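Written out below as structure tokens is the structure these notes cover.
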Amino acid sequence: MGENEDEKQAQAGQVFENFVQASTCKGTLQAFNILTRHLDLDPLDHRNFYSKLKSKVTTWKAKALWYKLDKRGSHKEYKRGKSCTNTKSSTGPCRVTLRKHSSDCDCPDSKLPVPVD
């Protein structure tokens, strides 16, 4: 990996860390927008977003989070990772972070992405 690639990986890790550490709904939304622009991710590409995010953010903290999310997704209750195959949006880390902060700004839960049956 070249110096530019190492630098880009480090920046991606820092931008992701800013997203995870956001303490308000507004801050989370802003950090998410910055993250998707920085990593050149399409947040509307629901089928591929998580896997692309995982491949681009590879810090040890992010890998620990991916492991926990993947392990949870493989539970029987989530049909071993197949429960969201026919959804328009995912309920991944962004929703969890936003739900945590939805009470501190005009960000009602109804505006958060939800699975469509």
Pairs where the first residue, in segment 25-50, is buried (at least 17 other Cβ atoms within 10 Å of the Cβ) and the second is of a type in the set (V, I, T) and part of a loop (DSSP other than H, G, I, E, B), C-beta under 9 Å, 6+ apart: L35/V57; L39/V57
Selection status of T97, crowded, with 17+ Cβ neighbours inside 10 Å, under 16 Å from the mean Cα position of the chain (by Cα), at pLDDT below 90 and of a type in the set (V, I, T): yes
Test: residue in segment 83-90 that is touching a His at 6+ places or on another chain (Cβ under 9 Å), modelled with pLDDT of 55 or more and either farther than 21 Å from Q21 by Cα or in a helix (DSSP H, G or I) (or both): yes
Scope segment 55-64; condition crowded, with 16+ Cβ neighbours inside 10 Å and part of a helix (DSSP H, G or I); matching residues: K56, A62
Residue list for segment 30-67, filter: more than 15 Å from A12 (Cβ to Cβ) and among the basic types (K, R): R47
Segment 1-53 - residue that is of a type in the set (V, I, T) and in a helix (DSSP H, G or I) and, of those, nearest to W66 (Cα to Cα): V20
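The values are calculated or read from the model by the stated rules, or taken from the named source; none is laboratory data. As the structure is a computational prediction, the values presented were derived from the model and not from experiment. A quick note on method: Cβ atoms are made from the backbone with ideal geometry, for glycine too, and the neighbour counts reach across all protein chains shown.
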